[in-house]
1. Counting only protein chains, not ligands or nucleic acids, how are B:42, A:22 ordered by accessible area (probe 1.4 Å), most first?
2. Evaluate the Kirkwood expression for the hydrodynamic radius of chain A, namely the inverse of the mean inverse distance over all pairs of different C-alpha atoms, and round to one decimal in Å.
3. Sort B:44, B:110 by accessible area with a 1.4 Å probe, largest first.
4. What residue among B:103, B:36, B:59 has its Cα farthest toward the positive end of the dipole of the stretch B:3-114, where the charges are +1 on Lys, Arg and -1 on Asp, Glu, each on the Cβ?
5. Separation of the stretch B:21-99 and the stretch A:1-73 by C-alpha centroid, Å?
6. If I model a spin label at residue B:70 and residue B:2 as a point 7 Å from the Cα along the Cα→Cβ vector, what separation in nanometres do I get?
7. Take the stretch B:3-114, compute every pairwise Cα distance, and split them into 10 Å bins from 0; I just need the percent in each bin.
8. How many Å² of accessible surface get buried when A and B come together, counting both sides, probe radius 1.4 Å, rounded to the nearest 100?
Amino acid sequence: GAGVSQSPSNKVTEKGKDVELRCDPISGHTALYWYRQSLGQGLEFLIYFQGNSAPDKSGLPSDRFSAERTGGSVSTLTIQRTQQEDSAVYLCASSYGRSTYNEQFFGPGTRLTVL
Amino acid sequence: AQSVAQPEDQVNVAEGNPLTVKCTYSVSGNPYLFWYVQYPNRGLQFLLKYITGDNLVKGSYGFEAEFNKSQTSFHLKKPSALVSDSALYFCAVRENGGATNKLIFGTGTLLAVQP
(Lines give C-alpha, C1' and ligand atoms only; values in the text may rest on other atoms or scores of the structure.)
Protein backbone atom coordinates (compact mmCIF):
# COMPACT_ATOMS: atom_id res chain seq x y z
CA GLY A 1 0.00 0.00 0.00
CA ALA A 2 0.93 3.65 -0.18
CA GLY A 3 3.38 4.94 2.37
CA VAL A 4 3.71 8.34 3.96
CA SER A 5 4.07 11.03 1.32
CA GLN A 6 5.43 14.54 1.70
CA SER A 7 5.47 17.56 -0.54
CA PRO A 8 7.36 19.35 -1.84
CA SER A 9 10.46 17.17 -1.86
CA ASN A 10 12.65 20.26 -2.01
CA LYS A 11 11.93 23.85 -1.11
CA VAL A 12 14.25 26.81 -1.50
CA THR A 13 13.10 30.07 0.00
CA GLU A 14 14.44 33.44 0.97
CA LYS A 15 14.96 34.48 4.53
CA GLY A 16 11.82 36.04 5.94
CA LYS A 17 9.38 34.20 3.72
CA ASP A 18 6.74 31.78 4.99
CA VAL A 19 6.70 28.12 3.89
CA GLU A 20 4.19 25.30 4.14
CA LEU A 21 5.17 21.63 4.17
CA ARG A 22 2.61 18.92 3.62
CA CYS A 23 2.33 15.37 4.91
CA ASP A 24 -0.09 12.64 3.86
CA PRO A 25 0.06 9.80 6.41
CA ILE A 26 -0.72 6.18 5.78
CA SER A 27 -4.47 5.67 5.57
CA GLY A 28 -5.88 4.57 8.92
CA HIS A 29 -2.94 5.80 10.96
CA THR A 30 -4.22 7.99 13.76
CA ALA A 31 -0.84 9.19 15.04
CA LEU A 32 1.24 11.68 13.08
CA TYR A 33 4.64 13.13 13.95
CA TRP A 34 6.91 15.83 12.56
CA TYR A 35 10.67 15.60 13.06
CA ARG A 36 13.53 17.76 11.84
CA GLN A 37 16.84 16.36 10.66
CA SER A 38 19.69 18.83 10.66
CA LEU A 39 23.37 18.33 9.92
CA GLY A 40 25.11 17.73 13.19
CA GLN A 41 21.86 17.78 15.14
CA GLY A 42 20.41 14.41 14.35
CA LEU A 43 16.67 13.97 14.41
CA GLU A 44 14.58 16.11 16.73
CA PHE A 45 10.91 15.81 17.53
CA LEU A 46 8.71 18.77 16.63
CA ILE A 47 5.02 17.96 17.10
CA TYR A 48 2.65 15.01 17.58
CA PHE A 49 -1.00 14.55 16.62
CA GLN A 50 -3.17 11.67 17.87
CA GLY A 51 -6.70 11.47 16.53
CA ASN A 52 -8.78 14.39 17.71
CA SER A 53 -6.71 15.03 20.82
CA ALA A 54 -4.85 18.27 21.37
CA PRO A 55 -1.43 18.06 19.72
CA ASP A 56 1.81 17.85 21.66
CA LYS A 57 3.71 20.92 20.49
CA SER A 58 6.53 20.60 22.99
CA GLY A 59 9.21 20.18 20.34
CA LEU A 60 8.47 23.25 18.26
CA PRO A 61 11.59 25.45 18.44
CA SER A 62 9.83 28.81 18.29
CA ASP A 63 6.44 30.44 17.78
CA ARG A 64 7.30 30.81 14.11
CA PHE A 65 6.53 27.12 13.76
CA SER A 66 2.98 25.78 13.72
CA ALA A 67 1.19 22.73 12.42
CA GLU A 68 -2.31 21.57 11.86
CA ARG A 69 -3.97 18.35 10.92
CA THR A 70 -7.24 18.51 9.06
CA GLY A 71 -9.82 15.77 9.37
CA GLY A 72 -7.40 13.55 11.22
CA SER A 73 -5.42 12.94 8.05
CA VAL A 74 -3.29 15.44 6.11
CA SER A 75 -0.99 17.67 8.11
CA THR A 76 0.67 20.97 7.23
CA LEU A 77 3.74 22.33 8.98
CA THR A 78 4.08 26.09 8.58
CA ILE A 79 7.23 28.08 9.24
CA GLN A 80 6.77 31.84 9.29
CA ARG A 81 9.52 34.38 8.65
CA THR A 82 12.03 31.65 7.85
CA GLN A 83 15.59 31.94 9.11
CA GLN A 84 18.73 30.29 7.78
CA GLU A 85 18.88 28.02 10.83
CA ASP A 86 15.55 26.55 9.73
CA SER A 87 17.35 24.85 6.84
CA ALA A 88 16.95 21.10 7.39
CA VAL A 89 15.10 18.03 6.21
CA TYR A 90 11.61 17.89 7.70
CA LEU A 91 10.35 14.35 8.16
CA CYS A 92 6.79 13.26 8.78
CA ALA A 93 5.88 9.89 10.29
CA SER A 94 2.67 8.09 11.10
CA SER A 95 1.73 5.09 13.19
CA TYR A 96 -1.34 3.06 13.90
CA GLY A 97 -3.28 3.63 17.08
CA ARG A 98 -2.06 4.71 20.48
CA SER A 99 0.06 1.70 21.33
CA THR A 100 3.51 2.31 22.67
CA TYR A 101 4.78 -0.61 20.63
CA ASN A 102 3.83 0.52 17.15
CA GLU A 103 6.67 1.55 14.91
CA GLN A 104 6.54 4.82 13.06
CA PHE A 105 6.59 4.90 9.26
CA PHE A 106 8.47 7.83 7.79
CA GLY A 107 7.98 9.82 4.62
CA PRO A 108 10.85 10.78 2.30
CA GLY A 109 11.10 14.25 3.83
CA THR A 110 11.12 17.81 2.56
CA ARG A 111 14.53 19.43 2.21
CA LEU A 112 14.18 23.10 3.13
CA THR A 113 16.90 25.54 2.20
CA VAL A 114 16.64 29.12 3.44
CA LEU A 115 18.91 31.52 1.59
CA ALA B 1 17.15 13.04 30.71
CA GLN B 2 16.38 10.19 28.38
CA SER B 3 18.90 9.73 25.62
CA VAL B 4 20.45 7.47 23.05
CA ALA B 5 24.12 7.34 22.16
CA GLN B 6 25.71 5.98 19.03
CA PRO B 7 29.42 6.24 19.79
CA GLU B 8 30.64 5.64 16.25
CA ASP B 9 30.06 8.19 13.50
CA GLN B 10 31.15 5.65 10.91
CA VAL B 11 31.69 1.90 10.74
CA ASN B 12 33.69 0.34 7.93
CA VAL B 13 33.40 -3.36 7.15
CA ALA B 14 34.31 -5.60 4.24
CA GLU B 15 31.56 -7.35 2.37
CA GLY B 16 30.89 -10.80 3.83
CA ASN B 17 32.21 -9.90 7.26
CA PRO B 18 29.98 -9.54 10.31
CA LEU B 19 28.97 -6.03 11.28
CA THR B 20 28.01 -4.36 14.53
CA VAL B 21 26.58 -0.88 14.97
CA LYS B 22 26.59 0.20 18.59
CA CYS B 23 23.84 1.87 20.59
CA THR B 24 23.46 2.61 24.29
CA TYR B 25 20.49 4.20 25.96
CA SER B 26 19.43 5.98 29.09
CA VAL B 27 15.73 5.89 29.92
CA SER B 28 13.56 5.73 33.01
CA GLY B 29 11.45 2.62 33.21
CA ASN B 30 11.27 -0.08 30.59
CA PRO B 31 12.99 0.80 27.33
CA TYR B 32 11.27 0.43 23.99
CA LEU B 33 14.05 0.43 21.42
CA PHE B 34 14.09 0.77 17.65
CA TRP B 35 16.52 0.69 14.76
CA TYR B 36 15.91 2.60 11.55
CA VAL B 37 17.96 2.82 8.35
CA GLN B 38 18.18 5.78 6.00
CA TYR B 39 19.37 5.40 2.43
CA PRO B 40 20.54 8.51 0.54
CA ASN B 41 17.73 10.98 -0.16
CA ARG B 42 15.20 8.65 1.41
CA GLY B 43 13.16 8.68 4.58
CA LEU B 44 13.83 6.39 7.51
CA GLN B 45 12.89 2.74 7.17
CA PHE B 46 12.01 0.62 10.20
CA LEU B 47 14.35 -2.34 10.78
CA LEU B 48 13.39 -3.84 14.11
CA LYS B 49 12.25 -3.14 17.64
CA TYR B 50 12.59 -4.46 21.16
CA ILE B 51 9.55 -4.24 23.40
CA THR B 52 9.84 -7.22 25.72
CA GLY B 53 10.71 -10.89 25.63
CA ASP B 54 13.73 -12.42 23.93
CA ASN B 55 16.83 -10.27 24.08
CA LEU B 56 17.73 -11.14 20.49
CA VAL B 57 15.41 -9.43 18.05
CA LYS B 58 15.34 -10.27 14.36
CA GLY B 59 14.36 -7.73 11.76
CA SER B 60 14.37 -6.83 8.11
CA TYR B 61 17.17 -7.54 5.61
CA GLY B 62 18.85 -10.09 7.87
CA PHE B 63 19.56 -7.63 10.66
CA GLU B 64 19.22 -8.47 14.33
CA ALA B 65 19.81 -6.61 17.56
CA GLU B 66 20.70 -7.73 21.03
CA PHE B 67 19.14 -6.06 24.04
CA ASN B 68 21.41 -6.04 27.08
CA LYS B 69 19.77 -4.55 30.13
CA SER B 70 22.84 -4.61 32.36
CA GLN B 71 24.90 -2.73 29.79
CA THR B 72 21.95 -0.60 28.62
CA SER B 73 22.84 -1.46 25.05
CA PHE B 74 20.97 -2.42 21.90
CA HIS B 75 23.62 -3.14 19.28
CA LEU B 76 22.62 -3.83 15.70
CA LYS B 77 24.25 -6.84 14.04
CA LYS B 78 24.37 -8.77 10.83
CA PRO B 79 26.35 -11.97 10.27
CA SER B 80 27.44 -11.13 6.72
CA ALA B 81 27.48 -7.57 5.39
CA LEU B 82 26.42 -6.61 1.88
CA VAL B 83 27.53 -3.57 -0.09
CA SER B 84 23.84 -2.65 -0.31
CA ASP B 85 23.74 -2.36 3.49
CA SER B 86 25.75 0.87 3.22
CA ALA B 87 23.50 3.54 4.71
CA LEU B 88 22.92 5.70 7.78
CA TYR B 89 21.60 3.81 10.79
CA PHE B 90 19.68 5.36 13.66
CA CYS B 91 18.96 3.89 17.06
CA ALA B 92 15.95 5.31 18.89
CA VAL B 93 14.15 4.91 22.17
CA ARG B 94 10.57 5.77 22.92
CA GLU B 95 10.33 8.50 25.47
CA ASN B 96 8.83 7.16 28.67
CA GLY B 97 6.60 9.16 30.93
CA GLY B 98 5.08 11.37 28.27
CA ALA B 99 1.70 11.29 26.62
CA THR B 100 3.23 10.86 23.20
CA ASN B 101 5.15 7.99 21.71
CA LYS B 102 7.81 10.27 20.34
CA LEU B 103 11.17 8.80 19.57
CA ILE B 104 14.49 10.04 20.85
CA PHE B 105 17.11 9.36 18.23
CA GLY B 106 20.82 8.84 18.32
CA THR B 107 22.98 10.92 16.02
CA GLY B 108 23.31 8.12 13.51
CA THR B 109 26.12 5.83 12.35
CA LEU B 110 27.21 5.70 8.74
CA LEU B 111 27.86 2.13 7.70
CA ALA B 112 30.22 1.70 4.76
CA VAL B 113 30.58 -1.79 3.34
CA GLN B 114 33.51 -2.22 0.98
CA PRO B 115 33.34 -4.80 -1.83
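1. Details: B:42 125, A:22 100 Å².
So, going from the largest accessible area down, we get B:42, A:22.
2. Working: mean 1/r = 0.0707 Å⁻¹.
The answer is 14.1 Å.
3. B:110, B:44
4. So the residue furthest toward the plus end is B:103.
5. 24
6. 2.6
7. 15, 50, 29, 6, 0
8. Numbers: alone 6470 and 6160 Å², together 10890 Å².
Summing both sides, the interface buries roughly 1700 Å².
The values are calculated or read from the model by the stated rules, or taken from the named source; none is laboratory data. What you see is a predicted model; the values in this text were computed from it and never measured. Because the Cβ atoms are built from the backbone with ideal geometry, glycine has one as well, and the counts that use them run over all protein chains shown. Calculation scope for accessible area: heavy atoms of the full protein, side chains included, ligands and nucleic acids excluded. Shrake-Rupley method; radii C 1.70, N 1.55, O 1.52, S 1.80 Å.
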